[in-house]
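Note sheet for the following structure.
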Amino acid sequence: MMSTHQETFISKYVFSTDHKMIAKQFMWLGLFFLFFGGAMAMLIRWQLAYPEQTVPWWLFGFLFENDGGIISPDIYNQLFTMHGTIMIFWAITPLLIGAFGNFVIPLQIGAPDMAFPKLNMFSFWTMLLASIVLLSSYCLPTGTASGGWTSYPPLSSPAGGIPGLGQTIWTLALILMGTATMMGAINYITTVVRLRAPGMGYFKMPLSIWGFFLTSILNAVFVPVIAAGLIMLLLDQTIGTEFFLAGRLASGEPGDPLLFQHVFWIFGHPEVYILILPVWGIVSDLLSVFSRKPAYGYRVTAIAMCTIAALSTLVWGHHMYTTGMSPLLGKSFMFLTLLISIPSAMFFLNWLATLWKGSIHFDPPMLFAMGVIWVFGLGGLTGLYNATVTADIYLHDTMFVVGHFHYTLAASVMFGSFAAIYFWFPRMFGKILHPKLGKIHFWGTFITLNFVFFNMMVLGYAGHHRRIYNPLEYDFLTPLAGMNEWITIFAFILGDFQLLFLFNIIWTIWKSKPSKKNPWQAATLEWTMDYPIPHGNFEEVPLVYHGPHEYSCPNIKDRDWLGQNEQITI
Amino acid sequence: MHKKNKLYNWRALLYSTIWFKDAPEDVSLDGYRIDNVIHYTDFVISIYFGIVIAALAYFIYRYRSTRGHKAVYDHGDSKHSVMFTGGLGLMVFLSVDVVIEKKAFQDLKDAFWNFPKGENVIRIEIMPQQFAWNFRYPGPDREFGTDDDIIPAQNQMHIPVNTPIVVQIASWDVIHSFYLPNFRIKQDATPGMITALWWQATKTGVFDIACAELCGNSHYKMKGYLTVETDEEFRQWLTENSPEESTDDEWDDWGDDDEDDTGVPEKWGWTWKELK
């Protein structure tokens, strides 16, 4: 199995077909965009707390010199549009799915590589091309896209009043990004189905693999839907079709602006689960590793995740309650959405029950995994308001929604990604991230992000609508100015703690000593080989005898875990 | 008839601390329904979230790793465990989701989707454009699309207090959303389709109309004023805004081609679409 071919610098680090190297490439890409999108978040917060005041130098104030040092309305719209787009598609997706999906899937199922290594390489390079296209829109004199990350037409069409090509380039970049995602999804599905090591039945896979597997299925099914919608949008933007134009802006037979919303959310709601399913899987595994106890109700958790993946395809309408949809549809979507709470409650209970009577170690990956219980608990429960047709009439398009989806997407998915980085860093780089800095990073992030996102929901309850440049335009929002300022201050502190994290990564790679082979004493297959893991991963095809969470088995005397490939009967 | 739900008003206590802010004053007949369902949701999710966090905190303390302490080897895959998690999941669904759903459906049936009919109902057509609100009232003939239609100044909407208001909304250009924070309602305005909304004010005053859907660079300034006044004042205002002399132009849906400098034809509008 060991690959013996000679590797040059180019074939090893640039055009690599090794899933572990591609994972690292995705990770650096994701981290770059995470900080890029994060910097934009800071500017958005600056404008909301100190509307139309001079941007200080430490927030890159020199970028705004042409506008007299302040953020102008069109720049503000570009900021939140690109913040959303970049964080969802260019930060979280490459970091969680691109990097850890790639790194973990072959190693955990005992495969030598992905099923299609070259397709894997193309996936990364298509993603990089998409990134360059996206960033090129910043060079346009009229700036980049500003129609919101949802990019609803007719606003996002040329007739909608947004000048320049930014919106078109945004669409093009997203189509390319979707292509990269589809390549990845097909690869991941095939790998999981075809390349599991002998003995690795579906119900012996780690729950992380279940998460990545379900995510890839959703990606393979729904990314083509949004791609179709985006291609139609691109045609509207470039060659003058009118799929989504109506009213004054349609020159001939009117199209239907609502059609785009349907297409967008048919993909858009599963997208939420595309991003969160790997997190659920990773958290389920990590809770087990660091409690030294088998994941409670493994099958129930896996089946609950499948159920949610299936239900997630039937609930997109809850994003559209205020569009004037028929009452029957509104009710059906509400009911289907609420059904999700049954499987969610079940795996939540399993998480808690995994900790129950465990022996809990508080290493940084575990802190972030337990942090997910908190932030996803709040994020999931606050989804109830948005699922309720009546409450949503008031809360739709307010900061409440912003706070809610930052709990589920920003907080939960980031915590999941951080947990993954801290946990698998010894496998990727042979070194452990500094644990003290990791703990400071966790507590600093946890406290400040709760302050920021919870108070966003309070603002929304107080009526603060979304995407407004200057909240002081409205009398009913002026009492909230103080709160906006506090949120901003905490957001800045939140940002600073991420710089600490970046420092930890650089310092560890540069200075830290090599770690042990299996520092967390985990039972899954990725910890069985020495670092650096060779191209081809396993010297011999591993045979799998046990489930992924054999911790604290009383029949094993000298240690408290049993590797999946150890031929010991228990 | 304001029925404030006392049971869940513990939240008001929290608002008095500096972080918590209350929703804008509710001056509508049915806004309390939305406040109530929000407060009920607050109440139940606080309980469930509290239980989860209490359990998490207790387990962290009780089962932290210490020397000699060994975890219990339990896969939690017995029939008993599965019944337990399934049962609790169902319990959450029945105690939270089903209750919220029942409340919401009842409110939709009784209020939000129960459009009032009758002689006293005030009907208004609303057509937002980038970045202003246009309103149209039927004149004395109670028909839209006739010469006596009343089109007040942009961004100025007047309604009588304690009278049901039914509006139909369609956008002129991009998608907007008609948002009345003090009435707890919003409705998207989409080009090419007509949506409807109704409400009833319980208090006179001037309230904000906001655009809740991103519609361009000046989205944040797309602000209107809703003046709620007595019936006499409202009639007076209508008379003041009546067209001075009738013109002979033919009525046509979406108006004629005499555009003013904003691109909106002078006679925008549509014949009132009867709702089912």
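Throughout, read-outs are computed from the coordinates displayed, never taken from laboratory work. What you are looking at is a predicted structure, and each value in this text was computed from that prediction instead of being measured. With ideal geometry, Cβ positions are generated from the backbone for all residues, glycine too; neighbour counts draw on all protein chains shown.
For this structure, a couple of remarks:
- Beta bridges per DSSP with both ends in region B:122-240, % antiparallel, nearest 5: 70
- Taking the inverse of the mean 1/r over every pair of distinct Cα atoms in region A:415-550 gives a Kirkwood hydrodynamic radius of 18.4 Å.
- Coupling constants for region B:191-208 follow from the phi torsions by the Karplus curve (6.51 cos²θ - 1.76 cosθ + 1.60, θ = phi - 60°), and in residue order they are x, x, 9, 10, 10, 9, 7, 9, 7, 9, 8, 10, 8, 7, x, 10, 10, 7 Hz; glycine and proline get x.
- Close amide-amide hydrogen proximity is noted between A:Trp561 and A:Ser552, each under 5 Å apart and 5 or more residues distant or on a separate chain (H modeled in the peptide plane; Pro and chain starts excluded).
- For the protein assembly as shown, the antiparallel share of DSSP beta bridges with both residues in that region comes to about 70%.
- In plain terms, chain B is cut at each of the GluC sites (Glu not before Pro) found in a DSSP loop with at most 14 other Cβ atoms within 10 Å, and the longest leftover piece is B:144-243.
- Note on chain B: helix-only mean residue ellipticity at 222 nm, from DSSP H runs of 4+ residues weighted -39500 (n - 2.57) and normalised by residue number, equals -8500 deg cm²/dmol.
- For region A:469-570, applying the loop criterion from DSSP together with a ceiling of 14 other beta carbons within 10 Å to the trypsin sites (Lys or Arg not before Pro) yields A:Lys516, A:Lys517, A:Lys557, A:Arg559.
- Listed residues B:Arg184, B:Arg64, B:Arg142, most fluctuating in chain B (Gaussian network, C-alpha, under 10 Å): B:Arg64
- Cut-off of 10 Å, at most 14 other beta carbons, DSSP loop: longest stretch of chain B lacking such chymotrypsin sites (Phe, Trp or Tyr not before Pro): B:20-253
- 3J(HN,Hα) along region A:380-396, derived from phi through the Karplus expression 6.51 cos²θ - 1.76 cosθ + 1.60 where θ = phi - 60°, amounts to x, 5, 6, x, 4, 5, 6, 6, 7, 4, 5, 4, 5, 4, 7, 8, 4 Hz, with x in place of Gly and Pro.
- Taking amide H positions as modeled 1.01 Å from N, with prolines and chain starts lacking one, the residues under 5 Å from B:Ser177 and 5 or more places away or on another chain are B:Ala189, B:Ala212, B:Glu213.
- Whole-angstrom gap from region A:513-544 to region A:275-334, using each part's C-alpha centre: 31
- Over chain A: helical MRE at 222 nm, DSSP H runs n ≥ 4 each giving -39500 (n - 2.57), nearest 500: -19500 deg cm²/dmol
- Peptide B:54-62 has a mean of 4 when you count, residue by residue, the C-beta atoms of other protein chains within 10 Å of its C-beta.
- According to the calculation over all Cα-Cα pairs in region A:271-418, the P(r) per 10 Å bin from zero is 12, 39, 31, 14, 4, 0 %.
- Derived from the Cα gyration tensor, the three semi-axes of the equivalent ellipsoid of region A:268-337 are 33, 12, 8 Å, largest first.
- For region A:504-570, the alpha-carbon coordinates run over 42, 27, 16 Å along the three principal axes, in decreasing order.
- Averaged over A:241-250, number of beta-carbon atoms from partner chains that fall within 10 Å: 5
- Between the helical axis of A:327-339 and the longest alpha-carbon principal axis of chain A there is an angle of about 30 degrees.
- In whole angstrom, region A:63-168 maps to an equivalent ellipsoid with semi-axes of 36, 14, 12, each derived as √(5λ) from the alpha carbon gyration tensor and ordered largest first.
- Pairwise Cα inverse-distance average, inverted: Kirkwood Rh of chain B (Å): 22.5
- Computed 3J(HN,Hα) for region A:311-321, one whole-Hz value per residue from the Karplus formula 6.51 cos²θ - 1.76 cosθ + 1.60 where θ = phi - 60°, is 5, 4, 7, 10, 10, 4, x, 6, 8, 10, 4, glycine and proline marked x.
- Shielding by other protein chains, B:167-180, mean Cβ within 10 Å: 5
- Charge context of B:Ala23, other residues only, Cβ under 9 angstrom, K/R +1, D/E -1: -2
- For chain B, the longest principal axis of the Cα atoms and the long axis of helix B:31-62 meet at an angle of about 20 degrees.
- Stokes-Einstein diffusion coefficient of region B:122-240, Kirkwood radius over Cα pairs, 20 °C, 1.002 mPa s, in µm²/s: 149
- Region B:11-112: Rg to Rh, with Rh as the Kirkwood radius over Cα pairs: 1.15
- Neighbourhood net charge (11 Å Cβ-Cβ; Lys/Arg +1, Asp/Glu -1) for A:Phe244: -3
- Rg/Rh (Cα only; Kirkwood hydrodynamic radius) as it applies to chain A: 0.96
- Other residues whose C-beta falls under 12 angstrom from the C-beta of B:Val161 contribute a net charge of -3, scoring Lys and Arg +1 and Asp and Glu -1.
- Across chain A, the mean sequence separation of Cα contacts (distance under 8 Å, 6 or more residues apart), normalised by length, yields a relative contact order of 17 percent.
- Pairwise centroid distance, computed over Cα atoms, of region A:384-437 with region A:17-82, Å: 19
- Kirkwood analysis of region A:342-401, using all unique Cα-Cα pairs, places the hydrodynamic radius at 13.5 Å.
- Amide H contacts under 5 Å for A:Thr398: A:Arg466, restricted to partners 5 or more places along the chain or on a different chain, H placed in the peptide plane at 1.01 Å from N.
- What the pair-distance distribution of region A:176-227 shows, using all Cα-Cα distances binned every 10 Å from zero, is 26, 49, 20, 5 percent.
- If you wrap region A:361-484 in the convex hull of its Cα atoms and look at it from every side, the mean projected area works out to 8.9 nm².
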